[in-house]
1. Across region 19-67, what is the number of residues that are over 10 Å from the mean Cα position of the chain (by Cα), open to solvent by 50 Å² or more (accessible area, probe 1.4 Å) and under 15 Å from TYR9 (Cβ atoms)?
2. Every residue in region 43-56 that is without any contact (Cβ under 8 Å) to a residue 40 or more places away in the chain and among the hydrophobic types (A, V, I, L, M, F, W, C), please.
3. Looking only at region 9-18, count every residue that is open to solvent by 100 Å² or more (accessible area, probe 1.4 Å) and among the aromatic types (Phe, Trp, Tyr) and tell me the total.
4. Name the pairs whose Cβ atoms lie under 9 Å apart, with the first residue in region 13-42 and more than 16 Å from VAL53 (Cβ to Cβ), the second open to solvent by 50 Å² or more (accessible area, probe 1.4 Å) and assigned to a helix (DSSP H, G or I), and 6 or more positions between them or separate chains?
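The values are calculated or read from the model by the stated rules, or taken from the named source; none is laboratory data. What you are looking at is a predicted structure, and each value in this text was computed from that prediction instead of being measured. Every residue, glycine as well, gets a Cβ built from its backbone with ideal geometry; the counts of neighbours run over all protein chains shown. Remember, those area values only see protein heavy atoms, side chains included, never the ligands or the DNA or RNA. Shrake-Rupley method; radii C 1.70, N 1.55, O 1.52, S 1.80 Å.
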Amino acid sequence: DMAANPGYYAEVVEQSLGTCNLATEEIERDLRRFLPEHPAFQSDTGISALRRVLTAYAYRNPKIGYC
């Protein structure tokens, strides 16, 4: 899908950054609880990546939220 829609993910991430709503509040609360023992989420880099993906998804799908 990314190859068929170049730049789309980056565009949604940019649009979603800085938004504040119920989904982003839930994401912030839950970030460190996601796969707490997975090595990818033991650093700020991994947590930031997860935040971007979840926030972009919730922004793109407001009726669903991030779950």
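1. 1
2. Taking region 43-56 first, the residues without any contact (Cβ under 8 Å) to a residue 40 or more places away in the chain are 43-54.
Residues satisfying the conditions are ILE47, ALA49, LEU50, VAL53, LEU54.
3. Selection size over region 9-18: 0.
4. What qualifies is ASN21/TYR59.
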